[in-house]
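Asker: Below are the structure tokens for one structure; questions will follow.
The values are calculated or read from the model by the stated rules, or taken from the named source; none is laboratory data. What you see is a predicted model, and the numbers here were worked out from it, not measured in a lab. Quick reminder, even Gly has a Cβ in these numbers, built from the backbone with ideal geometry, and neighbours come from all protein chains shown. Quick note on the areas: whole protein, heavy atoms, side chains included, nothing else; ligands and nucleic acids left out. Shrake-Rupley method; radii C 1.70, N 1.55, O 1.52, S 1.80 Å.
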Amino acid sequence: MPYDEFKRSEINSHSNQGSDSQANANSAIDENDSLDWAKEAYAKLKAKQDKEKALISENEKKELVSNDDNISGVKDKISSTNQVLPLYEETGLNNNLIEQVPSNEEEVNPIDESPILGEFDENFTWSANVLAAQGKKPGDISFEEIDWLGKLRDGLEKTRQGFVTDLLEKFGDDPLTPEDLDDLEVLLLRADVGVKATDQIIDALRKRLNEEVLDSKEAFRFLKEQLCKIVEKPIKDSGQDLLFPKRNCLNIWLLVGVNGVGKTTTLGKLANLALRSQYSSLIAAADTFRVAAVEQVKIWGSRSGVSVIANETPNADPAAVVFDAIGAAKSKKTELLLVDTAGRLQTKNNLMEELAKIAKIITRLAPDALVESLLVLDATQGQNGLSQAMSFAKSANLSGVVITKLDGSSRGGVAFAIASEANLPIRFIGAGEGIQDLKPFNSFEFVEALLANR
């Protein structure tokens with residue numbers, strides 16, 4: 001059954017996996033049974049993969065036979081008429097039967113990077129146990145989830161090296177002490193967790209420590225719980241656990257942010273995410289000021305398998321591009337229109353004016369559309385990313401944040417600073433350069449991957 005990666009469930013499935021993952025973690029399986037659970041999950045995935053391979057092989061055989069029959073039929077017809085005609089004339093096909101692609105819409109050539117099941121190893125076991133801790137059953141997990149969790153843990157390696165190793169040394173095997181809290185505070189700040197989030201964590205630990213003795217294992221579990229609460233709060237406050245397009249209506253997602261944060265790349269990955277989840281999608285290349293921006297969007301559109309509406313005239317009006325894109329989206333009954341916006345103009349005021357113009361066009365042409373504004377931030381920028389979030393939150397009506405380049409950063413802790421100080425829900429995170437290395441944010445999985453050494 002097709003898989004909706006926005007909802008992390010099979011399409012048409014009635015399962016509803018909310019973002020309150022910490023609560024689901026209470027259903028974790030017993031540690032002694034974790035290996036057996038992982039083995040059962042692996043066996044089910046292996047059987048599913050073998051079945052899919054057999055089905056693909058059978059379909060390929062049928063297609064070869066069908067092609068051979070078609071070729072034979074054409075050869076017979078050519079022989080009987082003793083003349084060679086253009087194939088489209090012989091078969092009765094003509095251009096009117098083929099959807100016309102506008103000259104400003106890029107042709108697409110999607111690539112396939114679908115995950116495959118690897119070996120049964122420690123990486124698989126860890127990923128399976130993280131899913132089990134959220135109440136998943138062995139038959140419920142997917143290739144996509146296992147593959148992503150492995151990438152997420154690998155992507156947070158640099159942050160882990162600069163944080164978790166020292167953290168484990170401070171916690172040790174002895175009960176937690178007030179002095180340990182002072183050391184923990186320094187570690188959290190060094191990991192770009194932010195002042196507000198760090199204060200929340202230390203205060204909660206200190207209060208717990210005043211009530212009872214905390215051994216290192218319980219203190220570590222309590223730390224994970226507090227970290228999850230911090231990134232969960234703005235998500236809960238938004239009233240929407242997961243951000244996904246609504247089917248059978250127009251959704252318009254604006255991607256905003258400064259240049260260099262991976263905004264256009266994120267747009268391409270979101271487009272591919274939508275395509276794989278069977279949403280009809282379209283891209284609007286409305287960053288017309290940056291050199292080669294439109295060409296970059298077209299490349300990502302081709303890789304993602306999604307058409308692009310663009311105007312290659314230098315310094316074209318971004319609002320005009322959005323105007324054309326909305327018209328195309330409505331005519332095609334597109335479900336998701338992704339809009340790439342200018343990262344930086346001469347001044348911030350100009351940037352916000354352009355966003356305001358685009359918003360007016362959307363309101364006028366698509367008043368019933370569901371509009372989201374996503375701020376793209378580069379994890380490698382640490383506290384600078386937090387400053388960008390605070391600035392955009394004041395000037396733009398943001399729906400949430402996409403954090404990119406976690407795999408190249410030792411500052412993954414900035415996610416907690418963004419959630420606590422900017423009060424913005426994290427909606428998607430990227431941890432790799434592949435087209436499928438962007439996924440919906442899950443707080444429990446993020447914290448588990450961040451503190452995976454224990």
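Asker: Name the pairs: first residue in segment 230-251 and among the small types (Gly, Ala, Ser), second residue assigned to a strand (DSSP E or B), Cβ to Cβ under 8 Å, at least 6 apart or on different chains?
Answerer: Ser238/Gly400
Asker: Is it the case that some residue within segment 400-413 is within 17 Å of Ser127 (Cβ to Cβ) and out of contact with any Cys (no Cβ under 7 Å at 6 or more places or on another chain)?
Answerer: Taking segment 400-413 and keeping what is within 17 Å of Ser127 (Cβ to Cβ), we get 406-407.
Next cut, out of contact with any Cys (no Cβ under 7 Å at 6 or more places or on another chain) only: 406-407.
Looking through segment 400-413, at least one residue is within 17 Å of Ser127 (Cβ to Cβ) and out of contact with any Cys (no Cβ under 7 Å at 6 or more places or on another chain).
Asker: Here's another thing I want to ask about it. Give the residue that is most open to solvent (accessible area, probe 1.4 Å), with candidates limited to residues of segment 433-454 that are more than 19 Å from Thr125 (Cα to Cα) and not polar (S, T, N, Q).
Answerer: Among them, the one singled out is Glu433.
Asker: Can I ask one more? Restricting to segment 272-293, name every residue that is touching a helix residue (DSSP H, G or I) at 6+ places or on another chain (Cβ under 8 Å), β-branched (Val, Ile, Thr) and either within 10 Å of Thr341 (Cβ to Cβ) or in a loop (DSSP other than H, G, I, E, B) (or both).
Answerer: Within segment 272-293, Thr288 is the sole residue that qualifies.
Asker: I want to confirm something. Restricting to segment 307-357 and keeping residues that are modelled with pLDDT under 90 and basic (Lys, Arg), which single residue is least open to solvent (accessible area, probe 1.4 Å)?
Answerer: Restricting to residues being modelled with pLDDT under 90 and basic (Lys, Arg), the top hit is Lys348.
Asker: A further question on this structure: Answer yes or no: is there a residue in segment 217-229 that is buried (at least 17 other Cβ atoms within 10 Å of the Cβ), within 30 Å of Leu338 (Cα to Cα) and in contact (Cβ under 8 Å) with a residue 24 or more places away in the chain.
Answerer: There is at least one residue in segment 217-229 that is buried (at least 17 other Cβ atoms within 10 Å of the Cβ), within 30 Å of Leu338 (Cα to Cα) and in contact (Cβ under 8 Å) with a residue 24 or more places away in the chain.
Asker: Across segment 361-407, what is the number of residues that are surrounded by fewer than 15 Cβ atoms within 10 Å (Cβ to Cβ) and under 16 Å from Glu157 (Cα atoms)?
Answerer: Within segment 361-407, residues that are surrounded by fewer than 15 Cβ atoms within 10 Å (Cβ to Cβ) and under 16 Å from Glu157 (Cα atoms) number 0.
Asker: Output the number of the condition that Gly430 fails; it satisfies all remaining conditions of (1) modelled with pLDDT under 90; (2) under 12 Å from the mean Cα position of the chain (by Cα); (3) open to solvent by less than 10 Å² (accessible area, probe 1.4 Å); (4) of a type outside the set (S, T, N, Q).
Answerer: (1)
Asker: Restricting attention to segment 253-269, report how many residues are farther than 15 Å from Val401 by Cα and open to solvent by less than 10 Å² (accessible area, probe 1.4 Å).
Answerer: Adding up the residues that qualify gives 1.
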